[in-house]
Amino acid sequence: MERLIKIASLFAMLLVLAVAGVMPAQQPMEEAPAEPAPPVDSPAIAAIKESNPATPTELVRAILLTHDLDRDDLAKAYLQKLIDGNPKQDQVVAAYRELGAGSMMRLQTEDSLQPIGGEAATLLFKKLDDYLKDPARLKTLVNQLGDADPVVRKRAIEQLLKAGPDAANPLFAVLADPAQQALHPAAKKMLIRLDQNVYGPLQAALASDNQFLVAQLADVVKQIRLKAAAQFVVGRMIYTDDDNLRAEIGAYCDVIGGWQPDASQVKDYLSRRVKAYLGSDPMFPVDDDGNVALWVWDYDAKQAVLKTMPLADAEVITAGRLLDDLHRLDPEDSDIQINRALAAMQRAGVMEESQAEPQVLIEEYGLPVIQEALVRALKHRKFSQAAIIACETLGSAQDASVLVASDGGLSALAQALQSPVYRVRRAAAKAILQIDPQRPYAGSSELMDMLAFLTTAQGKRVAVIGELDEQRGQDMAAVLSRLGYEAVATSGGAELFQAAYNSADVEVIFVSKPLARLPVMETVQVLRKDRRTGDLPIAVVAPIDQLEFFELSTMKDPLTLATIRPHDEKGFSFQLQQLYGSQGRLIVSAMERSEDAEFALAAINRMLEKPERYPFYDFTKVEEIAIRRLADDNVTSAIAQLLGNLATPAAQMALVEYASDPFHPLAFREQCVAAFKSAVARRGILLTKDQIVTQYDRYNDSEELDSGTQIVLGKVLDILEAPTQDVRFDQPAKIGL
């Protein structure tokens, strides 16, 4: 009781204090911070705003001034106005002439103006670059080199120097025209002044079939003492019938080497150069992606063009130029002619010109030489593009004789079906299908193997993992799945090989150390020997203390990367970028593989429609794959048709099983019924008694299923009962029927 009185007294006291204002008042809610007041415009800023800049010149000047006055908010607003206005080329040129390139460059170098500053600078420099490289403008400048006014000539020289290598072709056009000889000295001097900027175009132009032009350029490379040009002119000095050209090249040789070689010396020199270009050591510097920027002569456009291409293409195309000269020196040398055809077909994969057309290649080299060139191209991956073009060229001839080898072995196309390079095998398969042979040929089984492999593709991105530690394997698979892959984790050995060989969708393989059963490097060797995985990038995941050993072990295999174990998406992405980079343009996308599967299915169905024409093909090789893919909605129609055409017991059963499953789309099930009917018409009913009884049970149990399913099941029974429709059971059987 006493405690209660004390508590009541305490509450009363607190109440009195609160009323008297002694208790602290409740704190007011904290107000949101007020937005900063907009900056006050200085007189300079006010003047810029008042000027309302509109042209590129005015806007760039305003952007830089407001930036220097610490008003990047206003500078960015002007940058956006510049981008939205998308100024015309002449306005950008005017800004460049008034402000200079340095001012434009500041838009992308001032950190506080990014990223919009870089976007604006890119827009301006693109328009300016188009202006500086405009062929019509450059042609005018070249003509002004002969102007009587020295001021005009000086300005033309300055502008051509700024154009760099783009000035080469207008100068070549003048030198190629005998009617403009008065301008030739000035044009040559301009090429000499451009110096290293035109070394690439100059060497490309020496391949021109205009002997008058080549003679002029021989004089130019002599004056600049360009030793690298020797390989492109010495052959012509021997075989040309143009005395002026021979004299100019001879003068070049005197200056560069101090003497003029004879025919045998030239042939020996060019042969050694060709061997170097076709060898294994790199002959050109490459960029970070392994590509080469090579100037080549476009015979149709009659000008030098810059092409970015893989190192192998640059080497083989350059060798092709020398092989053309060697062929002129010795037309009877079959080895030169085969290599020449190989180089021409590699070039055909890069250049879009009339000489790349199959009929032109056939007329120039003939089918036997192209076949030999294909065989040679198959020996090294660097010639894969030539192999692809060779296959396409042979297929275009539609001559079945190319499938018969003179020695009774495999033809060049049949050998191409065994290539580890997917694109080469695909090109060979398409070529044979285009030829459409009606008689047996050596290697015919290889075609069906390739078509069957193509049909396995589902347009997925599959990564196969070989990892002894199950948890590590699952962790790797989880990360790869987040990157969009269907990852298959195995412990190595037969399980790894089966997963790697099972589908054309496998894009990359990770093999970890240690592995179950086979050591890591033996596993890699087995994968490399199988054509299905021979061209796939493989990552050898090694402990950090053994990384150097595996780097040395994989050094000669450009498609195998020794690396440490990645642990996150960033690490995997970096490794995948390296792995895919090793494949270059031979990489095959998921979409391509999906299209190839559809193509293969259509090709097999076409042949199965008239199987009597193709008794030498074993179509049952696709049976297992087709049955497995029947449930794939993307290809169900084509697969149903294939199984109906195949009409084997397993094919018939697969069609019936699919049609009877109410969980499949009704339209596809009806197609399977139609395919089953076609199969029975071809080969009769090949289901077992038990399988037929099962179908009756399914029909009898379908009372509560949807009407569509009941109709489908009824159609299956109609097909099964059709052979007995005309049988009269009240008559004795006719013996011998």
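The values are calculated or read from the model by the stated rules, or taken from the named source; none is laboratory data. Keep in mind it's a predicted model, so treat the numbers as computed, not measured. Quick reminder, even Gly has a Cβ in these numbers, built from the backbone with ideal geometry, and neighbours come from all protein chains shown.
A few points about this structure:
Residues checked against (1) at pLDDT below 95; (2) over 26 Å from ASP690 (Cβ atoms); (3) surrounded by 19 or more Cβ atoms within 10 Å (Cβ to Cβ); (4) not small (Gly, Ala, Ser):
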{"residue": "THR620", "(1), (2), (3), (4)": "yes, no, no, yes"}
{"residue": "GLU624", "(1), (2), (3), (4)": "yes, no, no, yes"}
{"residue": "LEU630", "(1), (2), (3), (4)": "yes, no, yes, yes"}
{"residue": "VAL635", "(1), (2), (3), (4)": "yes, yes, yes, yes"}
{"residue": "LEU646", "(1), (2), (3), (4)": "yes, no, yes, yes"}
{"residue": "GLN652", "(1), (2), (3), (4)": "yes, no, yes, yes"}
{"residue": "GLU657", "(1), (2), (3), (4)": "yes, no, no, yes"}
{"residue": "ASP661", "(1), (2), (3), (4)": "yes, no, no, yes"}
{"residue": "PRO665", "(1), (2), (3), (4)": "yes, yes, no, yes"}
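- Taking residues in the stretch 105-119 that are in the same structural domain as LEU59 (by TED's automatic domain parsing), and partners anywhere that are among the hydroxyl-bearing types (Ser, Thr, Tyr), the pairs with Cβ atoms closer than 9 Å and at least 6 places apart or on different chains are GLN108/THR122; GLY117/THR109; GLY118/THR109.
- When the helices (runs of 4 or more DSSP H) confined to the stretch 648-704 are screened for residues that are among the basic types (Lys, Arg), those reaching at least 3 such residues are found at 666-683.
- Residues satisfying the stated conditions in the stretch 560-593, i.e. of a type in the set (A, V, I, L, M, F, W, C), surrounded by fewer than 14 Cβ atoms within 10 Å (Cβ to Cβ) and free of Cβ contacts under 8 Å to residues at least 12 places away in the same chain: PHE574
- Failed item in (1) out of contact with any Leu (no Cβ under 8 Å at 6 or more places or on another chain); (2) among the polar types (S, T, N, Q); (3) outside any helix (DSSP H, G or I), with SER445 passing the rest: (3)
- Whichever residue in the stretch 345-379 is in contact (Cβ under 8 Å) with a residue 12 or more places away in the chain and charged (D, E, K, R) and, among such residues, is surrounded by the fewest Cβ atoms within 10 Å (Cβ to Cβ): GLU364
- Restricting attention to the stretch 240-275, the residues that are acidic (Asp, Glu) and crowded, with 18+ Cβ neighbours inside 10 Å add up to 1.
- Scanning the stretch 247-261 for residues that are part of a loop (DSSP other than H, G, I, E, B) and touching a residue at least 24 places away in the same chain (Cβ under 8 Å) turns up just one, PRO261.
- Those residues of the stretch 85-96 which are without any contact (Cβ under 8 Å) to a residue 40 or more places away in the chain and either among the small types (Gly, Ala, Ser) or closer than 20 Å to SER112 by Cα (or both), in sequence order: GLY85, ALA94
- Residues within the stretch 263-287 that are closer than 18 Å to PRO558 by Cβ and free of Cβ contacts under 8 Å to residues at least 40 places away in the same chain, tallied: 9
- Every residue from the stretch 242-266 that is small (Gly, Ala, Ser) and more than 22 Å from LEU213 (Cβ to Cβ): GLY257, GLY258, ALA263, SER264
- The set of residues in the stretch 78-89 being out of contact with any helix residue (DSSP H, G or I) (no Cβ under 6 Å at 6 or more places or on another chain) and surrounded by 15 or more Cβ atoms within 10 Å (Cβ to Cβ) consists of LYS81 alone.
- Listed by position, the helices (runs of 4 or more DSSP H) contained in the stretch 318-377 that have at least 3 residues being over 20 Å from SER411 (Cβ atoms) are 334-348, 358-365.
- Selected residue [touching a strand residue (DSSP E or B) at 6+ places or on another chain (Cβ under 8 Å) and hydrophobic (A, V, I, L, M, F, W, C)] from PHE572, PHE510, PHE497, PHE549: PHE510
- Residue satisfying all of: in the stretch 118-164; of a type in the set (Lys, Arg) and in contact with a helix residue (DSSP H, G or I) (Cβ under 8 Å, 6 or more places away or on another chain); nearest to LEU306 (Cα to Cα) among these: LYS133
- If you go through the stretch 155-176 and keep only what is modelled with pLDDT of 95 or more and either of a type in the set (Lys, Arg) or over 30 Å from LYS126 (Cβ atoms) (or both), you end up with LEU175, ALA176.
- Residues of the stretch 194-246 satisfying the condition of being assigned to a loop (DSSP other than H, G, I, E, B) and closer than 23 Å to LEU329 by Cβ: LEU206, ALA207, SER208, ASP209, ASN210, LEU226, THR240, ASP241, ASP242
- Output for the stretch 85-118, where each listed residue is among the charged types (D, E, K, R) and over 19 Å from SER51 (Cα atoms): LYS88, ASP90, ARG97, ARG106, GLU110, ASP111
- Scanning the stretch 364-385 for residues that are among the charged types (D, E, K, R) and closer than 15 Å to VAL404 by Cβ yields one hit, GLU372.
- Among the candidates SER419, SER406, SER411, the residue that is of a type in the set (Gly, Ala, Ser), free of Cβ contacts under 8 Å to residues at least 24 places away in the same chain and more than 17 Å from LEU361 (Cβ to Cβ) is uniquely SER406.
- Entry remark, the stretch 607-640: residues being in contact (Cβ under 8 Å) with a residue 40 or more places away in the chain and outside any loop (DSSP other than H, G, I, E, B) number 8 in total.
- Residue that is crowded, with 19+ Cβ neighbours inside 10 Å, not basic (Lys, Arg) and not assigned by TED's automatic domain parsing to the domain that holds GLU624, where the choices are ALA494, ALA431, ALA442: ALA431
- Evaluating VAL479 against the criteria (1) modelled with pLDDT of 95 or more; (2) more than 19 Å from VAL421 (Cα to Cα) leaves one unmet condition, (1).
- The selection criterion, being assigned to a helix (DSSP H, G or I) and within 29 Å of GLN385 (Cα to Cα), does not hold for MET476.
- Filtered by the rule that a residue be at negative phi, of a type in the set (Gly, Ala, Ser) and not in a strand (DSSP E or B), the stretch 275-309 gives ALA276, GLY279, SER280, ALA301.
- LYS188 meets the stated requirement of being modelled with pLDDT of 95 or more and not assigned by TED's automatic domain parsing to the domain that holds VAL93.
- The single residue among ALA176, ALA204, ALA167 that is touching a helix residue (DSSP H, G or I) at 6+ places or on another chain (Cβ under 6 Å), touching a residue at least 12 places away in the same chain (Cβ under 8 Å), crowded, with 23+ Cβ neighbours inside 10 Å and of a type in the set (Gly, Ala, Ser) turns out to be ALA167.
- Any hit, the stretch 391-404, residues being part of a loop (DSSP other than H, G, I, E, B), small (Gly, Ala, Ser) and over 24 Å from the mean Cα position of the chain (by Cα): no
- Looking at ASP545, ASP557, ASP596, just one residue is touching a residue at least 40 places away in the same chain (Cβ under 8 Å) and not aliphatic (A, V, I, L, M), and that residue is ASP596.
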